[in-house]
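Undergrad: For reference, the structure I am asking about is given below.
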Amino acid sequence: MFRSRVATLGVAALVLTACGGNSAEAPQKKTELTLYNDKGAWTKYFDEMGALSKQRIGLGMKPTGYTDSAQYQAFIKASFRTKVKPDLFTWQTGGMLAEVVKQKQVAETTAIWQEAIKAGDLSQDLLPYYTVGGKQYCVPMNVAYWGMFYNKKIFDKYGLKPPQTWDDLVATAETLKKNGVKAFYHTSVLFSFVWFEQLLAGTDPDLYDRLSTGKAKYTDPGVVQVMERWKQLIDAGYFINPGDKTDPGDVLKNGKAAMVSFGSWFNTSMTTRDMKAGTDYDFFVIPNVNPALPKTSMIFESGPLCSLTKADDPDASQKYLKWWTSAEAQEKWATSRGDVSANPKVTIGDKALGTVTKDAGGGKYRLVNRYFEATPPPVLTAALDGFSKFVTEPDSYKEVLETIQKAADEYWSTHQ
Amino acid sequence: MRNTAPMFGRFRYGYVAPAVLLVAGLLYAPFVWTAYLSLTRYDGLEPPAFVGLANFAKLFQDEALLTSTRNTLIWVIGTMVLPVGLGLLVAVLSYDIKGGAWYRVPFMLPYALSGAGLAMVWSPILSHDGIANLLLGVDTAFLQDAPANTFAMLAVWTWQQLGVNTLLFVVGLQSIPKEPIEAARLDGAAGWRLFRHVIWPLMRPLTAVVVGLALVAGLKTFDIVWVLTQGGPGRNSETLAVTMYKETFVASDYGYGSAVAVMLTVVTGLASYLYLKRQVTAT
């Protein structure tokens, strides 16, 4: 009996040894870093960056792209507790960044930021998005300004020009409707928040900020009015079916909708479809709903590129992040995707986006943090489901706001 | 012989240890861990904080869970009625005729698709400007309104599962002894009466298995819903398995997601037990 137990223990020990590893590992010097990201569609561009960095700083980079962000986030969170160590990973600013910083999982980048700002490679305006508890973490993987992409051929056909006021925009939608063209794209999946944030930021950006910090309620009259305005637009028949699974890039190209509101990264979807800016499509800044506001509200987002505190070779990771912010790296990163850059020195090839970037840098707009980052994750989940319900059942807006507020109450009761 | 038997006996635990460790490590340990997480508040980052039965209490107040329970019930009943019922019908109509196998082949083909693949194929068909609307000459948002969207997905599921159920029933029909059927025919039984009073009772053991499998498949419905609607719009087409996934990995509420998982396990276990017990008692 004793021997058999010993044998059992022996087998168990063998299995456990096989599963375990050497806990005391010496730091390695790496020549290639892994970059985990939830932007699977950008693998080609990450690969190009890897080739360039190898050539310039002797440090290659291999991307592993996920396409499902929930799966990606679960993987990154799990990696904090395991021996899987992505050298670099993409994440989100706002509550999501604060969460992982609190866990001491993300390496500090204060020194990189200070140097980059001094050298003019990063703008001071971006700093708050990357600051938690007075220190900086991660660097901007990308920045994006949100506005309206429109099918220029359709606009030209009906003699339409980019609108200067909100009323112009509605009139444009009305003209398109009379000609049997759906004006706007919207969706019930993931990006269901787009029109909510746009309408709220363009009506009352202060209320938008208060709402994201739990100082206002989703059931407040200002928010209810925004939903009613959104509902009017839906009821007027300006939107395509929210359940349409066509890729928004194809929606715009095929003219299924004449306008699609997204961040400047959507430009990549246009260029990969061989569409020419200024001929096939163009971009305009969405005018405020409330004309009395001093500045046009513009939705802004910035996605961080981070490194782990426990990375195999922390110096190499920091070196890479520093290089990433440089004009040389950003020139390549922005041009290959046809997007804007976090580095003010980079010249933007696309005329419309170049102007927006310049104007935004000059303080022309009131930049409003994108809803996705500005809203705490548990409230965001409820809101995305809520807006998804609303776009298919616009009459449900009051019920939807109450459901989101319930999640917000629950969250802010422990996070004020 | 006298010497080897005790030797074998002494090491008997050693021989089974790898299998036991694999089962314990890969099946029991995750279940125990999930059960533990269901009693905690855990976001995947902070260490789990014990909250007792709070997550289970929340289950009973959660409106979204009520919707997923309703949808899961539709899936369970639907799976037992449609793929199984129609499978039986196709089997009965085709097994005793010349070239019957050829009639069954088309029903078998969709079975080659995985759940996710199936949904990918049907997604454009059921979309608003898809071929389903075009063929039927209607303008229906098949995947939009509840509970119609669940029925639409159930139809897709039936399309796939029909073949395998047919196959199982055909095997059952072919394995029935010929004598009682011939005796019944001599006594004048035919058609529905022959089926209802002779064939059906003889097929009971096989039907028990097919229905039991359908019951479990219905309860764990996930892939087709996730790919076609992601449980939406809103949360109106979620099943319990989708709710479990969304709460855990999308909302990062691992504690509550685990509570849904425990509840789903208990319901599935209980339903299977009661069903099989009834079947065993009946036979």
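Where a number appears in this text, it was derived from the coordinates with a stated rule and is not lab data. A quick note: this is a predicted structure, and the numbers were derived from the prediction, not measured. Heads up, the Cβs are rebuilt from the backbone with ideal geometry, glycines too, and the neighbour counts pull from every protein chain shown.
Undergrad: State whether the residues of the stretch A:63-81 include one that is over 24 Å from A:V143 (Cβ atoms) and not in a helix (DSSP H, G or I).
TA: Within the stretch A:63-81 (the criterion being over 24 Å from A:V143 (Cβ atoms) and not in a helix (DSSP H, G or I)), the answer is yes, since at least one residue qualifies.
Undergrad: Quick check on the stretch B:171-178. Is at least one of its residues away from every other protein chain (no Cβ under 14 Å) and within 19 Å of the chain's Cα centre (by Cα)?
TA: In the first step, residues of the stretch B:171-178 are kept if they are away from every other protein chain (no Cβ under 14 Å); the result is B:171-178.
Cutting the leftovers down to within 19 Å of the chain's Cα centre (by Cα) gives us none.
Checked against the condition, which is being away from every other protein chain (no Cβ under 14 Å) and within 19 Å of the chain's Cα centre (by Cα), the stretch B:171-178 yields no hits at all.
Undergrad: Identify all residues within the stretch A:128-149 that are buried (at least 23 other Cβ atoms within 10 Å of the Cβ) and among the β-branched types (V, I, T); write none if there are none.
TA: Residues satisfying the conditions are A:V139, A:V143.
Undergrad: Looking only at residues in the stretch B:232-260 that are acidic (D, E) and not in a helix (DSSP H, G or I), which one is surrounded by the fewest Cβ atoms within 10 Å (Cβ to Cβ)?
TA: Applying the filter and picking the extreme gives B:D253.
Undergrad: Hey, another quick one. Of the residues A:Y129, A:Y72, only one is within 22 Å of the chain's Cα centre (by Cα), among the hydroxyl-bearing types (S, T, Y), within 19 Å of A:L380 (Cβ to Cβ) and away from every other protein chain (no Cβ under 12 Å); which? Step through it out loud before you land on a result.
TA: Working: A:Y72 fails: away from every other protein chain (no Cβ under 12 Å).
Testing whether each residue is within 22 Å of the chain's Cα centre (by Cα), among the hydroxyl-bearing types (S, T, Y), within 19 Å of A:L380 (Cβ to Cβ) and away from every other protein chain (no Cβ under 12 Å) leaves just A:Y129.
Undergrad: How many residues, within the stretch A:151-182, are of a type in the set (D, E, K, R) and assigned to a strand (DSSP E or B)?
TA: Pass one, the stretch A:151-182, residues of a type in the set (D, E, K, R): A:152-153, A:156-157, A:161, A:167-168, A:174, A:177-178, A:182.
Restricting the remaining residues to those that are assigned to a strand (DSSP E or B) gives A:182.
Number of matching residues: 1.
Undergrad: Is it true that B:T166 is hydroxyl-bearing (S, T, Y) and buried (at least 20 other Cβ atoms within 10 Å of the Cβ)?
TA: On the way: hydroxyl-bearing (S, T, Y): yes; buried (at least 20 other Cβ atoms within 10 Å of the Cβ): yes.
So B:T166 passes the test.
Undergrad: Please return the ranges of helices (runs of 4 or more DSSP H) entirely within the stretch A:346-416 where 2 or more residues are away from chain B (no Cβ under 11 Å) and surrounded by 20 or more Cβ atoms within 10 Å (Cβ to Cβ).
TA: Fully inside the stretch A:346-416 and qualifying: A:351-361, A:371-374, A:397-415.
Undergrad: Counting only residues that are over 20 Å from the mean Cα position of the chain (by Cα) and either buried (at least 16 other Cβ atoms within 10 Å of the Cβ) or over 21 Å from A:E410 (Cα atoms) (or both), how many does the stretch B:63-88 have? Write out each step before concluding.
TA: Going residue by residue through the stretch B:63-88, those that are over 20 Å from the mean Cα position of the chain (by Cα) are B:63-64.
Imposing the further condition that a residue be either buried (at least 16 other Cβ atoms within 10 Å of the Cβ) or over 21 Å from A:E410 (Cα atoms) (or both) reduces the set to B:64.
Selection size over the stretch B:63-88: 1.
Undergrad: For the subset of the stretch B:101-158 comprising residues that are hydroxyl-bearing (S, T, Y) and away from chain A (no Cβ under 13 Å), which member is nearest to the chain's Cα centre (by Cα)?
TA: By that ranking, first place goes to B:T158.
Undergrad: In addition: So which pairs qualify, if the first residue must be in the stretch B:8-25 and more than 9 Å from chain A (Cβ to nearest Cβ), the second must be surrounded by 13 or more Cβ atoms within 10 Å (Cβ to Cβ) and in a helix (DSSP H, G or I), the Cβ gap must be under 9 Å, and the two must be at least 6 apart or on different chains?
TA: Close Cβ pairs (under 9 Å, with a partner that is surrounded by 13 or more Cβ atoms within 10 Å (Cβ to Cβ) and in a helix (DSSP H, G or I)) amount to B:F8/B:Y15.
Undergrad: Another question, then. For the stretch B:231-246, enumerate the residues that are within 9 Å of chain A (Cβ to nearest Cβ) and touching a residue at least 12 places away in the same chain (Cβ under 8 Å).
TA: B:G231, B:P233, B:R235, B:N236, B:Y245, B:K246
Undergrad: Just checking, how many residues over the stretch A:349-379 are without any contact (Cβ under 8 Å) to a residue 60 or more places away in the chain and either in contact with a Gly (Cβ under 8 Å, 6 or more places away or on another chain) or aromatic (F, W, Y) (or both)?
TA: Number of matching residues: 1.
Undergrad: Filter the stretch B:51-74 for residues that are closer than 16 Å to B:T265 by Cα and not polar (S, T, N, Q) and give the result.
TA: B:F56, B:L59, B:L65, B:L73
Undergrad: Give the stretch B:27-57 a look and list any residue that's surrounded by 17 or more Cβ atoms within 10 Å (Cβ to Cβ), within 26 Å of the chain's Cα centre (by Cα) and within 14 Å of chain A (Cβ to nearest Cβ), or say none.
TA: Within the stretch B:27-57, B:L37, B:N55 qualify.
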